[in-house]
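Accompanying notes for the structure given below.
Every number in this text was worked out from the coordinates using simple rules, so none of it is lab data. Computed from a predicted structure; not experimentally measured. No Cβ is skipped: glycine too gets one built from the backbone with ideal geometry, and neighbour counts run over all protein chains shown.
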Amino acid sequence: MSQFVSVFDILKIGVGPSSSHTLGPWRAAQQWISKLKRTSVFLMVDAIQIDLYGSLSLTGKGHATDIAVSMGLSGADPEYIPIAEIDEIIRNMKASGLLYLNNERMISFSFEAIHFQKAFLPFHPNGMTFTAYHQNEMISQETYYSIGGGFVIQDDDTLVDKIEVCNQNFPFPIHRAIHLEEYCKKENLLISEIVFQNELILRSKDTIYKELQRIWDTMLECMYIGCHAKGFLPGGLQVKRRAFDTHTKLIKDARYSNPQEWITAIRSSEVKFREILKWVSCFALSVNEVNASLGRVVTAPTNGSAGVIPAVLMYYLVIENHQADFEQIQKFLLTAGEIGSIFKENATISAAMGGCQAEIGVSSAMAAAALTEVLGGAPSQCLVAAEIAMEHHLGLTCDPIGGLVQIPCIERNAMGAIKAINAAEMALETDPDEVKVPLDLVIDTMWETAKDMNKNYKETSEGGLAVTVRVVDC
């Protein structure tokens, strides 16, 4: 049985700075709480220990993994918790030495109970073990793995277990890009239309529209917040927020009071040709500055690459098509999500497994395909665009300085967005029948590259810029 990865599994709302190291561990803590309840030991728990392994340990504090697991244990939901409350909850937890377990019962807790183990577990680089005690006796111990994009599994899990729907029930079961292309040709449908038919098996039409709207609203709000926030990012590197200054110069004296009016203001500003790349970069930087400050973003397909898709979609709305409405936004997100799911099934979207090619590379491919569709490209040209975008990210390493999702991560989103736009433009001028390298082969190459890559360049902060740039107390 082939797995089915929904668009809403690829595009998830959560808290920064990392889907693998923040959102995943947060969700793992919630899953463990559920298991404690199913096994009837929840009320017995009086002490907890968390062991973070491999990549989760090596960049753990920089990626706020200790904060994430603590928040998950407290019962807070990353999708809905007011961001401003996170600091207060953690501060009270540290001051009192108490954890309000699942927001139901108080137990003793210290952040010293979170152990950073540099050893790698054999199943996946992002491993974590939760242990519960009652009167010093262990009553539960479970190991989870954060496998990228906020997905969490255990050793014997599969994504099918999470979906609980047989792939044969879907009108268009898709595992490879070639399957998607064949369906589009046979049915004379766009990629977004094929994907929409599959999503209807899981949820109603109204729910799909509602969730896509919520995803776009979150992306737009994130860009809006990032463009209007100044100062420095947390974490010790003293990285100045750049989106604010760039946006101030570009927006000039336009007047608006909310994100929707902001879009109208940009559309009305008669953007000059030389300003287009500045706007795209500004949109991408804004998202990832919000992400770096533990703000709310949409995994696309990860937190570290969250800026590419909203930046390219915003480019389409304010530069390419001023008449675009929510129908085009839906098409863009559905197409992007499907491309991301194909990468997820056949390679990885985890930087701990594949380096940054698995994050920025995949997000750029997703955005390129989506932009090509809304610009009128054929499905085959959309796949060409995704191939071009990924081909020129192959081998990209993940080497965050100080373990923070800031340098070089934030700038890479701007570069990924610009490459996506370029890839879409090239694909629109390409005859797909003349393409030498199909998307599936590039995905296979990316996975082989990931397996060949030295582990120091896979989100460990033990290679590349992370070691050549010496930083103290970050």
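Structure data summary
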read-out	value
Estimated FRET transfer efficiency when R0 is 25 angstrom, pair ARG470-PHE111 (beta carbons, to 0.05)	0.40
Using alpha carbons only: equivalent-ellipsoid semi-axes of the chain, gyration tensor based, whole Å	35, 26, 21
Burial ordering of SER108, SER286, SER380, fewest other beta-carbon atoms within 10 Å first	SER108, SER380, SER286
Taking SER364, SER293, SER192, SER96 and counting other C-beta atoms within 10 Å, the order from fewest to most	SER96, SER293, SER192, SER364
5 Å-binned pair-distance histogram of the stretch 18-161 (Cα, whole percent)	2, 10, 21, 25, 21, 15, 6, 1, 0
GLU142 paired with ASP253, simple spin-label distance in nm, labels 7 Å along Cα-to-beta-carbon	6.0
Förster radius 41 Å - calculated FRET efficiency between GLU429 and ASP155, Cβ distance, rounded to 0.05	0.30
For the stretch 110-132 and the stretch 340-400, distance of Cα centres in Å	30
Within straight-line cross-link reach of LYS94, lysines at Cα separation under 26 Å, skipping those fewer than 8 residues along the same chain	LYS35, LYS37, LYS61, LYS118
Fully extended contour minus Cα-Cα distance, from ASP206 to ALA265, at 0.36 nm per residue	18.2 nm
In sequence order, calculated HN-Hα J values of the stretch 307-316 (Karplus, 6.51, -1.76, 1.60; Hz; x Gly/Pro)	x, 5, 5, x, 5, 6, 5, 5, 4, 4
Three-way shape label, the stretch 126-263, alpha-carbon gyration tensor, a/c 1.5	oblate
Partners for LYS344 among lysines (Cα-Cα distance below 22 Å; same-chain residues under 8 apart left out)	LYS12, LYS162, LYS331, LYS419, LYS451, LYS455, LYS458
Burial ordering of THR39, THR65, fewest other beta-carbon atoms within 10 Å first	THR39, THR65
Cα pair distances exceeding 20 angstrom across the stretch 252-347, given as percent	45
Ordering of 256-262, 125-131 by packing [mean C-beta count within 10 Å, highest first]	125-131, 256-262
0 to 90° range, to nearest 10: angle between helix 83-96 axis and the chain longest Cα axis	10
